Structure formats: structure tokens, C-alpha cells
1. If you average the alpha carbon positions of the range B:222-238 and of the range B:71-123, how far apart do those two centres end up, in angstrom?
2. From Cα pairs below 8 angstrom and at least 6 apart in sequence, can you work out the relative contact order of chain A, rounded to a whole percent?
3. Report the Cα centroid-to-centroid distance between the range A:235-293 and the range A:171-207 in angstrom, as an integer.
4. Label residue A:291 and residue B:415 with points 7 Å out from Cα along Cα→Cβ: what is the distance between them in nm?
5. Nearest 0.05, what FRET efficiency do residue A:274 and residue A:25 give at R0 = 22 Å with Cβ-Cβ as r?
6. Go ahead and run the numbers for FRET between residue B:170 and residue A:72, Cβ-Cβ distance against an R0 of 51 Å, rounding to 0.05.
7. Apply the a/c threshold of 1.5 to the C-alpha gyration tensor of chain A and tell me whether it is rounded, prolate or oblate.
8. In peptide B:391-399, what is the residue-averaged number of other protein chain Cβ atoms found within 10 Å of each Cβ?
């Protein structure tokens with residue numbers, strides 16, 4: 001008995017996917033092509049004069065030591081955000097999965113932060129950690145920690161990582177929770193009868209079975225750290241102090257939107273696009289091999 | 001019969017709605033939020049109530065860079081407002097956009113509205129006037145940077161609260177006493193680049209850039225790594241190390257540090273007064289910014305910040321007539337005095353300044369007058385009439401990044417300022433190439 005739906009019509013399937021394709025073209029491909037086109041041009045802010053300059057925008061970027069430094073900052077930032085985002089949400093999901101009473105309330109509360117806009121998340125954390133009036137700063141001072149991210153680069157990095165991770169934990173949590181619920185109870189119970197301790201059960205049974213989810217989240221979180229975090233940065237450090245939190249996507253935003261330098265900003269976004277494509281391909285080629293479906 | 005009635009109804013409808021249709025709308029995009037936005041709407045309402053032909057419609061479009069970006073995007077899409085409020089650092093970008101803007105002088109001349117550039121404060125108009133003396137944009141809200149002290153903290157440290165430090169030497173001496181008296185934060189600043197590079201240069205009559213700070217052409221270069229600049233930033237860096245100077249951030253974060261009483265001395269915009277008056281639970285005074293007394297000719301005059309109103313291109317002639325009428329309305333002394341006394345921005349015409357003085361407003365609020373006095377301390381020179389650097393939004397960010405590198409101890413003042421000049425010049429060259 002064939003259970004799949006089979007379309008006999010020649011055009012119907014295309015008509016059904018057409019809206020999706022149209023949206024993808026208008027909102028993803030068209031802007032991407034435009035970014036590539038602008039990246040070869042030198043324009044004034046109002047687009048009154050534009051000239052084709054070939055690879056000059058790219059050459060200018062790679063000559064700039066600060067831009068190259070920004071790659072290192074971005075790499076550090078992305079690794080921290082992806083690692084902590086995944087690790088903390090996995091921990092929370094395993095805890096929430098074992099809660100018997102009020103599980104729904106825990107889950108709802110943990111999912112809430114996802115509804116918060118990145119800029120709002122940034123402001124929230126910036127207030128908590130504000131150098132002179134922040135509550136956390138006050139507590140840290142009591143412990144003898146001199147907290148001042150306005151001038152200390154590593155603390156500024158810490159702040160934007162915390163804000164970005166907090167924002168993303170809910171999303172990761174949802175996927176992990178769903179993943180955990182599909183792990184067969186019988187396997188865990190069998191292991192328990194064999195005398196395996198809870199950590200042992202987790203690392204040898206649950207974690208490998210969760211690997212497709214973890215892999216998916218790794219890709220999504222890296223993309224999130226690369227593209228979606230400029231709101232957090234803009235609301236808190238604005239790339240400073242110095243260039244300590246000036247990640248690639250924030251520089252794209254600053255140069256393009258705030259400073260109206262379209263050519264330079266487009267060139268940066270093209271570079272960023274290639275990095276993320278390369279990273280995603282690499283993840284599928286090398287990391288996915290370790291995934292057990 | 002019915003047709004006749006209908007025709008009559010149509011005719012009368014046409015007759016009565018005629019004047020309403022003829023009212024020309026003038027769109028004005030601005031960045032004045034909160035109380036300032038209310039004051040701005042008040043100006044528009046007054047203009048609209050005073051005549052029937054034109055209607056000015058102000059729209060708040062977010063922060064300065066946001067409204068500018070919105071207007072640029074609208075212009076590229078073939079629409080956009082008639083009037084756009086642009087902050088001072090966007091001036092060179094607007095000026096270079098010939099075709100996207102119409103000079104105020106031209107609009108006023110075409111509409112035959114009375115307009116005399118000499119009626120305006122020279123430091124204010126200089127900023128927005130081209131080499132040939134044409135005023136390009138209308139100076140709307142102009143501020144400058146002032147030096148504030150917490151008199152209570154001065155008293156506590158055994159200092160004379162009525163003698164605010166005049167020179168940087170005196171600032172350091174006072175700072176040491178304040179620190180010794182247990183003051184946590186001694187001196188802080190808002191807008192570090194605007195205060196310690198841009199206004200610092202004008203106040204000491206040294207160039208910020210070649211070619212008259214960029215007024216003389218797009219082939220300008222930054223000159224902020226002179227020995228005097230290095231000396232000043234090194235001094236701040238030393239103060240920072242000794243705990244006499246607390247870095248607060250790139251924008252107006254210093255304001256709250258002073259108004260909360262945390263810091264005893266502070267340099268910030270004239271616009272900071274409203275917040276200090278509201279939140280400050282202490283006696284304070286507003287003063288001229290300090291200078292280095294070993295520099296010949298200092299102090300010169302300070303330069304403005306704030307924004308001007310640009311008239312965008314591609315609109316209908318009758319709309320420009322309305323724009324001209326509105327600009328003439330904004331220039332009247334009564335309106336200028338209302339705006340000046342209500343918001344704390346400096347008056348832009350000499351007549352409005354005189355009128356405010358005669359009204360006795362400055363007896364109650366000496367700080368308001370001090371700003372005008374500081375701006376007109378001496379006749380502006382090529383170094384002190386303002387600055388005009390292409391894409392200074394990026395340029396200022398570079399300066400601020402390098403200053404942060406000094407205050408965080410990552411770089412020496414000389415190296416940081418050299419790098420600021422090098423990186424800043426690359427931005428200027430890029431702008432020059434794009435606007436040739």
C-alpha cells in the first residue's frame with residue numbers, strides 16, 4: 001500500500017512551492033546579488049555617483065590590520081556563543097526533562113527569552129552590568145572584582161557573549177527537549193539495571209542519540225553568532241572598547257547603515273557570506289560524520 | 001432637478017474644500033525625542049496656526065544616524081522629506097550630495113524671503129557655509145561643550161567652590177585634592193572625541209585637519225597627532241592611571257555620572273544641563289572648558305555640535321516657497337528665544353541673543369549665556385570655525401577607538417593618535433574618490 005501522496009499534475013507541485021521560492025528570491029537571493037554588485041562599486045551616500053572599482057573595496061579591507069583583527073574577534077565570539085549556548089541549554093534541557101512537578105511552568109519560563117529582541121536583550125544585560133549603577137557590578141565590587149567593561153576589552157567580550165547566549169538558550173533548549181523526549185526510555189532503564197551511573201548513561205546513550213540535534217544546533221548557533229548578534233553589540237559596546245567586540249557583522253552594520261559607506265559595507269557582507277558558506281560546508285563534511293542518525 | 005442639485009452640491013463642495021486642497025504639506029524628518037520633540041512640534045504648530053497656505057508635518061525618525069539613513073534610502077527610492085535634520089558630523093556628506101540637496105540661500109533667494117547670513121552667530125553659520133559664503137543648511141539646534149563642577153564636592157575637599165579650575169593644570173591640582181578627600185570619580189567626560197580632540201583643537205587654535213579642517217577641499221588630512229594633542233591625551237591617560245579621570249563611554253554616558261554625584265568634574269554638552277537640574281541633588285556650576293595656559297593665544301573659541309536642517313532636492317516650486325516661509329519663521333527672534341530658553345540650545349541669531357539678554361533670562365540662568373560667550377570668545381580662525389570631514393561618522397568612531405586604546409593602556413598616546421590619523425586619512429581618501 002503506497003502511503004505517499006503522488007502528484008500526477010505537471011505544474012501543481014511547482015505552483016505549490018512557488019510562493020516559497022518567490023519569497024526566497026525577493027528576500028534572500030535578490031539582496032545577496034545586489035550586495036555582490038555594490039561590493040564592486042564606489043558610491044557616494046545618496047547614490048548620485050557610482051563608479052566600478054573592481055576589487056578595490058576588498059583590497060582596502062585586507063590592507064586594514066583592524067579588519068583582519070576583527071576576524072579573530074569574530075572567531076572567539078562565535079566559538080564562545082555556540083559552545084556556551086549549546087552546553088547550558090543541554091544542561092537545562094536534561095534537568096527540565098527529569099522534572100516531574102510543574103514541568104510545564106519550567107519549560108515555558110525557559111522558552112520566554114526567545115521572544116526578546118536582541119537589542120532589548122543587550123540593553124537589559126548592559127543595565128545589569130553597567131559600570132557604575134549595575135546591580136551585578138555592585139555585587140562583583142563586593143567580591144573585589146573591578147568590573148568596568150567600558151574600558152576592559154575582555155569584560156566587554158564577556159558581556160556581549162552572555163547577552164547573546166542568554167538570547168539563544170531558549171531556542172536550543174526547545175530542540176534539546178524535543179530530542180530528549182525521543183530517546184527511548186527502555187534503553188536508559190536497561191542501562192540503569194546494568195548498574196550504569198546517571199552521568200555514564202548520559203554520555204554513552206543520551207548524548208550520542210542527541211547528536212543529530214546537537215549538530216543542527218551547532219550550525220544554527222554559528223550562523224546566529226555571525227549574523228544576528230549586531231543588535232546586542234549595538235545596544236551595549238558598539239564594538240568597543242577599542243575594537244575588542246567589533247565582530248564582522250557589526251562592522252557591516254556600522255559602515256553600511258550608520259556611516260552610509262555602501263561599497264565597503266557590501267564588500268564586507270560578501271566576505272562574511274563566503275565565510276559562513278565555507279563554515280557550513282566544513283561542518284557538514286567533517287562534523288556530520290560523527291553524527292549518528 | 002436631481003442633476004442640478006447634485007451639480008450644486010459638487011460645486012459648493014469644490015468651493016469649500018478648495019483652500020484645504022491648496023494647503024501645501026512640508027514633510028520634516030527629525031531626531032528630537034522626548035521633551036525636545038515636544039518643543040519642535042510646538043514650533044511647527046505655531047507656524048501652521050499662523051498661516052493657511054502651508055502645513056509643516058514633523059516626523060520623528062529615530063537617532064541622528066537613523067533619520068539620515070532613512071532619508072538617504074527614501075531619496076534613492078525617489079521620495080523623501082522636504083526637510084531633514086542632520087547632525088553636524090553628517091555635514092560633509094550632505095554637502096557633497098549636490099543634486100540631493102538645495103542650499104538654504106538659494107531657496108530663500110528664489111522665494112524672495114528676507115535672509116541675511118550676517119544676522120547669525122559666525123561660529124554657527126561658519127559650520128554650514130561653503131567657501132563662497134553661501135549658507136547651505138539652516139542651523140537649527142546648536143550646542144557646545146562646557147565644563148561642570150560639583151560645588152558640594154569642592155567644598156568637602158577644601159577647595160573654593162566658586163573658583164572652578166580654568167586651566168588643565170588647575171584641573172589636575174583640584175583633582176588630586178578631590179581624590180585625597182575620598183571622591184570616587186573625580187573627572188569624567190561625555191563625547192570624548194568632540195571634547196578632547198575637536199573642541200580641544202579649536203580652543204587652542206590648532207588644526208584638526210589640513211585645508212582649514214576640511215573646509216578647503218576634499219583632499220584634507222587629519223592633523224590630530226601634533227605634539228599638543230599627544231601631550232593632552234597623555235595627560236588624560238596619566239590622570240586615568242592615577243584614578244583622577246574615569247572614562248565613561250563614547251556618547252553622553254558621562255552626563256549620568258555627573259548628575260548622580262558620582263563624578264565631581266565633568267565636560268559635556270550644554271544640553272546636559274536639563275538632566276543635571278532634574279537629577280542633581282547638589283550645588284553645581286557651569287564654566288568655560290579648561291585650556292593649557294602655555295599655549296599662545298588660548299583660549300580661542302569652542303565649536304558647535306548639534307544639527308542643522310537641510311532642504312532636499314527634487315520638490316515642487318510651491319513647496320520650496322513654503323520651506324522658505326518656514327525658515328524665515330524659524331529665524332525670527334521670538335521663535336529663536338523660545339527655542340533657546342526652552343531647550344538650552346544656543347540662539348542662532350545675534351538679535352535673538354540680545355533679546356534673551358534684555359529679557360533677564362541670563363540673570364536666572366547664567367549657564368545659558370556662557371555657552372554663547374564661549375562660542376564667540378574670539379573671532380573664529382581657520383582652525384576654530386568648525387570641521388568638515390567626509391564620512392566623519394566613521395572618522396569619529398576611529399578616533400574614539402584609538403582613545404579607548406589609550407585609556408585601557410593598550411597603546412601610548414602618540415601611537416594611538418598616529419594610528420587615528422592613518423586610519424582616518426584612509427576614510428577621507430575613500431570619500432574623496434567617491435565624491436569626485
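1. The range B:222-238 and the range B:71-123 have Cα centres separated by 35 Å.
2. Values: 323 pairs, mean separation 80.1, N = 293.
Result for chain A is 27 percent.
3. When both Cα centres are located, 35 Å separates them.
4. Using points 7 Å along Cα→Cβ, the separation is 4.5 nm.
5. 0.60
6. 0.70
7. Oblate is the answer for chain A, as a/c is 1.5 or above yet b/c matches or exceeds a/b.
8. For peptide B:391-399, the averaged partner shielding equals 4.
Quick note: the coordinates plus some simple rules give every number you see, no bench work behind them. Note that the coordinates shown come from a computational prediction; the quantities given were computed from them, not determined experimentally. Cβ sites come from the backbone with ideal geometry, for glycine too, and all protein chains shown count toward neighbours.
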